[in-house]
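One structure below.
Please treat every number below as a calculation from the coordinates, not as lab data. Just so it is clear, the model here is predicted, and its values are computed rather than measured. Counting neighbours? That spans all protein chains shown, and the Cβs are built from the backbone with ideal geometry, glycine included.
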Amino acid sequence: MTSPAIQVRGLRRSYGSGATAYEAVRGVDLDVPAGTLTALLGTNGAGKTSTMEVVEGLCSPSAGEVRVLGLDPVAARDQVRRRTGTLLQTSGFSGDLTVDETLRMWAGTLTAPRPLAEVVDLLRLGHRADVAVRALSGGERRRLDLACALMGRPEVLLLDEPTTGLDPESRRDVWALVRSLRDAGTTVLLTTHYLEEAEALADRLEIMHAGRIVRSGTAAEVVAGHPSHIRLRTTSAPAWLDELPAGRGVITDGGRTTVETDALQETLTALLVRAGAEGLRLDDLEARHASLESVFLAIADGTHPATTTTTTPEPEAALR
Ligand SMILES: Nc1ncnc2c1ncn2[C@@H]1O[C@H](COP(=O)(O)OP(=O)(O)OP(=O)(O)O)[C@@H](O)[C@H]1O
């Protein structure tokens, strides 16, 4: 079996030292197999960028190990950089240069850049070629950043929030582009705040919370086992709600009652029949299957079981 293109073991990263030290990454293990796309999701401040920066080779971990294409991205930075395309959360291109000048300058730093016309076409930047970077819209600037990340035909693409600031049409264009690169064999690790982006693109999701990966797997695996919800407004929740088939529990909060269930249709059917028999009015009835969004929200508000584990997992076997 070939090694994953990206491997992270027991990664820790702290900022500051002494009493004010803050550990932003607290023991992350991550494998991205070659030719697949992994999306790193998480709440604000979860540690996604802090993790990405170590994988990008921009800084060393406080503890743990990272390998990109089998190499240490800090110690072997020159070799790794040649084979990797990186999109930072914010780019540092000069606002005075035009799009064309920026792309030419960037191409000059690469050993085998794609033809400029190809990159301009891929990111639909042709009509802005002579415009200064400072005059670009946020979305156009993001497309320029992406153009540079792709220019060296990288084997590994590291994209920190690639579609932030893009309108829906541009976002879908970028999705199609990233998908085609992955289909052609590029390994992609990206961070995103858009759950639909992660679902649309990723072979595998890694959800971070408070410096740890708390859920991993395909979108279906991440959602599996999470309860569906039936919500209703009642002045007082009847006791029989607790006895509905496949029900997991009833939560009452400020006049809203939520029934958690493992089998939405069965529970909902039984609830409607019983409510009819009891003459109970069901105002604002709402039924929702478990979704990536409901899992994510449960992680964000700390009610997901994975977020209540406070122990730090032992790192898996160290990398060879
Ligand atoms: N240079 C720094 N010095 C001190 N703390 C930092 C520094 N950079 C990040 N942090 C802290 O580390 C934590 C993780 O930040 P990080 O940017 O990695 O999170 P993130 O998951 O990428 O967040 P977001 O989704 O908001 O971009 C945050 O609490 C942040 O305030």
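Things worth noting here:
- Between helix 138-150 and the chain: long-axis angle, C-alpha atoms, 0 to 90°, nearest 10: 60
- Net dipole in debye of the chain [+1 Lys, Arg Cβ; -1 Asp, Glu Cβ; about Cα centre; nearest 20]: 680
- Taking amide H as placed 1.01 Å from N in the peptide plane, the amide H of VAL214 sits under 5 Å from that of ILE207, MET208, HIS209, each at least 5 places away or on another chain.
- Converting the Cα gyration tensor eigenvalues of the stretch 51-159 into ellipsoid dimensions via √(5λ) gives semi-axes, longest first, of 27, 15, 11 Å.
- Between SER94 and ASP301, the C-beta separation translates, for a Förster distance of 51 Å, into a calculated FRET efficiency of about 0.75.
- Using R0 = 35 Å, the C-beta based FRET efficiency linking ARG124 and SER3 works out to 0.45.
- All alpha carbon pair distances within the stretch 228-289 were sorted into 10 Å bins beginning at 0; the resulting P(r) in whole percents reads 25, 64, 11.
- Pairs of Cα atoms farther than 32 Å apart, the chain, %: 40
- Shape index of the stretch 81-235: Rg/Rh, with Rg the Cα radius of gyration and Rh the Kirkwood radius from the inverse mean 1/r over Cα pairs, equals 1.07.
- Residue-averaged [θ]222 nm for the chain, counting only DSSP H segments that reach four residues, each worth -39500 (n - 2.57): -8500 deg cm²/dmol
- From least to most packed, judged by other beta carbons within 10 angstrom and beginning with the fewest, ASP167, ASP29 follow the order ASP167, ASP29.
- Whole-Hz couplings from phi, Karplus 6.51/-1.76/1.60, listed for the stretch 233-238; x for Gly and Pro: 9, 9, 6, 9, 5, x
- A full extension of the chain between ARG134 and ALA220 corresponds to an added length of 26.8 nm, given 0.36 nm per residue minus the alpha carbon distance.
- Exposure proxy ranking, count of Cβ atoms within 10 Å, fewest first, for THR269, THR49, THR86: THR269, THR49, THR86
- Extreme residue, positive dipole direction of the stretch 133-271, given options THR269, SER228, THR187 (C-beta unit charges): THR187
- Rounded to two decimals, the Cα-based Rg/Rh of the stretch 124-181, with Kirkwood Rh, is 0.95.
- Simple Cβ-charge dipole of the stretch 228-289, Lys/Arg +1 and Asp/Glu -1, about Cα centre, in debye nearest 20: 140
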